[in-house]
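The values are calculated or read from the model by the stated rules, or taken from the named source; none is laboratory data. Values in this document were obtained by computation on a predicted structure and should not be read as measured data. Ideal geometry is used to build each Cβ from the backbone, glycine not excepted, and the neighbour counts take in all protein chains shown. What goes into the accessible areas is simple: the full protein's heavy atoms, side chains included, and nothing from ligands, DNA or RNA. Shrake-Rupley method; radii C 1.70, N 1.55, O 1.52, S 1.80 Å.
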Amino acid sequence: MGAGGLYGREPEMDAIAELLARARAGGSSALVLRGEPGIGKTALLDHAAAAARDLRLVRGTGVEFEAELPFSGLQLLLRPALGHLAALPGPQRAALEAAFGLGPATGSEPMLVGLGVLSLLAEYAGETGLLCLVDDAQWIDRASREALLFAARRLHTEGVVMIFAARDGEGSFPAPGLPESRLSGLAPKAAAALLDRHPPAPSASAQS
């Protein structure tokens, strides 16, 4: 989605800029963007990724046909950080290795997986900071969702920002305890300005 997808979204862009600034200063935060399909959630995630520049980035997207596969979403999201597994405490490392199919399936406790996700994000952030983006979060499998939300609620001073984008309605992404921003249609003034910048093409009857 081009610049039009961000027109009128200055409040959300300002909020994202504040989160990124906090990460650069060593703070952490999380945000859930909600709205109907096509309203601009992905464009805001693209904007956040571009604005992150100096921060490390991990990005994943919920896959509808994998929504019943435990930890499939987590594995896709955290692949770039797997090289840091060795730095985690033993129980957390074993829990994540089991979840990702890298070690014995030990029936890991969800709390250990969640703590492992938090520790892995902190390790991967290092001194640089980290932006973690999850699009179509409503399709993330339940095990991954619970681990990510567990970690997001415990962010403190790791230099990590987590932003989730989710559709409204059935199968949505419940995220109790996290700040949310609900995207609505553009205000009439912004919509009119956007039409002025991108007028509709003339109809066939108008051209004849």
> Would you pick out the residues in the range 139-157 that are over 11 Å from G73 (Cα atoms) and touching a strand residue (DSSP E or B) at 6+ places or on another chain (Cβ under 8 Å)?
Replying inline: A151, A152, R153, L155
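Please find, within the range 153-172, the residue that is most open to solvent (accessible area, probe 1.4 Å) out of those that are at pLDDT below 90 and charged (D, E, K, R). Walk me through how you get there before you give the answer.
As a first pass, look at the range 153-172 and keep what is at pLDDT below 90: 168-172.
Retained after the next criterion (residues that are charged (D, E, K, R)): 168, 170.
Details: D168: 67, E170: 189 Å².
Only one residue fits best here, namely E170.
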> In the range 107-149, how many are open to solvent by 20 Å² or more (accessible area, probe 1.4 Å) and under 21 Å from A23 (Cβ atoms)?
Replying inline: 9
> Mind checking which residues of the range 127-137 are under 11 Å from the mean Cα position of the chain (by Cα) and either more than 15 Å from V32 (Cα to Cα) or not charged (D, E, K, R) (or both)?
Replying inline: L131, C132, L133, V134, A137
> Based on what the data block shows, is R9 within 20 Å of L155 (Cβ to Cβ), charged (D, E, K, R) and touching a residue at least 24 places away in the same chain (Cβ under 8 Å)?
Replying inline: no
>> Residue under question is T106, and the condition is that it be of a type in the set (V, I, T), at pLDDT below 95 and closer than 19 Å to M162 by Cα; does it hold?
In response: no
> Got a number for residues in the range 24-45 being surrounded by fewer than 21 Cβ atoms within 10 Å (Cβ to Cβ), hydroxyl-bearing (S, T, Y) and not in a strand (DSSP E or B)?
Replying inline: 1
> For the range 50-96, what are the residues that are within 16 Å of A151 (Cβ to Cβ), open to solvent by less than 50 Å² (accessible area, probe 1.4 Å) and in contact (Cβ under 8 Å) with a residue 40 or more places away in the chain?
Replying inline: V58, G60, F71, G73, L74, L77, L78, A81
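Of these, L44, L31, L6, which one is at pLDDT below 95 and in contact with an Asp or Glu (Cβ under 9 Å, 6 or more places away or on another chain)? Talk me through it step by step, then tell me what you get.
Details: L44 fails: at pLDDT below 95; L31 fails: at pLDDT below 95.
Result of the check over L44, L31, L6: L6.
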